[in-house]
Amino acid sequence: MRSKVLWGALVVWAATLVLMPLVGPSEISLARAWAGISPDAEILWRARVPRVVLALLAGGALATAGVLFQALMRDALATPDTLGVSSGASLGAVAAICFGWEAGVWPVGLAGAGIVLLLVTGLAGRAERGMSFTLLMAGITVNAMCVALILFLQTVSAMGRSLVVTRWLMGGLDSVETTTLGILALMVLPAVGLVLWRAGDWNLLAVGAEWAAAKGIEVKTSLRAGYFLGSLLAGSVTAITGPIGFAGLIVPHILRMTLGADHRQLVPAAFLLGGAFLALCDGMARKVFAPAEMPVGVITALLGGPFFLWVLTQRARIRG
């Protein structure tokens, strides 16, 4: 059953990579695109293919980070936003936009994510016991501060830049340069590989810190490594796409109900299906509302909000 799910995830991922570039507000001829005939070739190779690849990388990274945070915090509702890292990346990117440094949106956003990660883990590191709870509280606090600073920058910036910030905060996928995709892949793929390599540690930590320590796991070191990897995945994506809510919740939660709690299965399945999910949502945003285009973050929020409420209802019934 589990191997079938993994193979199915791989098939869905491959089908998404092949078919989604054909989806868009305007019809194109695949034969003309392969022949290099304009404008079909430019639409396919310069606009749609890079956008689908970005969606696959971003969705896979966010879903993997969601799986990881759920294990470390032992909470199926934990998301990549839990530590405030996504908000830190957003704050950095918004600051770059407001000060007119468009070329620095990604590096400044990534720097913002790193600063927040150091701040939150530094605060939590003062208390070894209950580190997960301390991280959660620190993340919520820092997240609120980042949101306040974002609103302040948006308020004092010029009207044109304020509109750009509003659009960016909705979360979106745009065609990016091949260099940007390459750099993102060099950050995301090794991080996902490390998460998969340490899947056994996440299995033990998901049971409990005491159990993991009894099995010889350096709990504090593993927690820090896990939070760093998850934050790197979420922060690097957010710095490019803007905040895309619920992408790190829906797929990981469904996979846990399907595959169980073995992260050797969960991590690769989440990366594949998370990428496919975001690419499909982006295709919906481009096609359903054509010729207008809806930011993909709006689509994931419309899907994720009811899903989140449904999960809360199910948990309340179980506890009741």
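Report the gain in length on full extension from L302 to L189: 0.36 nm times residue separation, minus Cα-Cα distance, nm rounded to one decimal.
Extending this stretch completely gives an extra 37.8 nm.
For labels at L118 and E102 in the simple 7 Å Cα→Cβ model, what's the distance in nm?
Output for this residue pair reads 3.0 nm.
If you stretched the chain out fully between M284 and V11, how much longer would it get, using 0.36 nm times the residue separation minus the C-alpha to C-alpha distance?
96.3 nm
Under a point spin-label approximation (7 Å from Cα along Cα-to-Cβ), what is the T178-T258 distance to one decimal in nm?
The answer from the label model is 3.4 nm.
Once fully extended, how much extra length lies between E218 and L30, figured as 0.36 nm per residue of separation less the alpha-carbon to alpha-carbon distance?
Extra length from E218 to L30 when fully extended: 62.3 nm.
Nearest 0.05, what FRET efficiency do T166 and E42 give at R0 = 22 Å with Cβ-Cβ as r? Write down the numbers at each step before the final one.
Numbers: r = 29 Å, r/R0 = 1.31.
With R0 = 22 Å, the Cβ-Cβ based efficiency is 0.15.
Going by average Cβ neighbours within 10 Å, how do the peptides 60-70, 6-16, 294-304, 30-40 rank, with the highest at the top?
Top of the packing list down: 60-70, 294-304, 6-16, 30-40.
In nm, to one decimal, how far is the L149 label point from the L196 one, both placed 7 Å along Cα→Cβ?
It is 3.5 nm.
Show me 178-186, 229-237 ranked by packing, highest mean number of other Cβ atoms within 10 Å first. Walk me through the numbers on the way to the answer.
Numbers: 178-186: 13.6, 229-237: 28.2.
Packing order, densest peptide first, comes out as 229-237, 178-186.
Just so you know, all these numbers are worked out from the coordinates, no wet-lab data involved. The structure presented is a predicted model; accordingly, all values stated were derived computationally and were not measured. Every residue, glycine among them, receives a Cβ derived from its backbone with ideal geometry; neighbour counts consider all protein chains shown.
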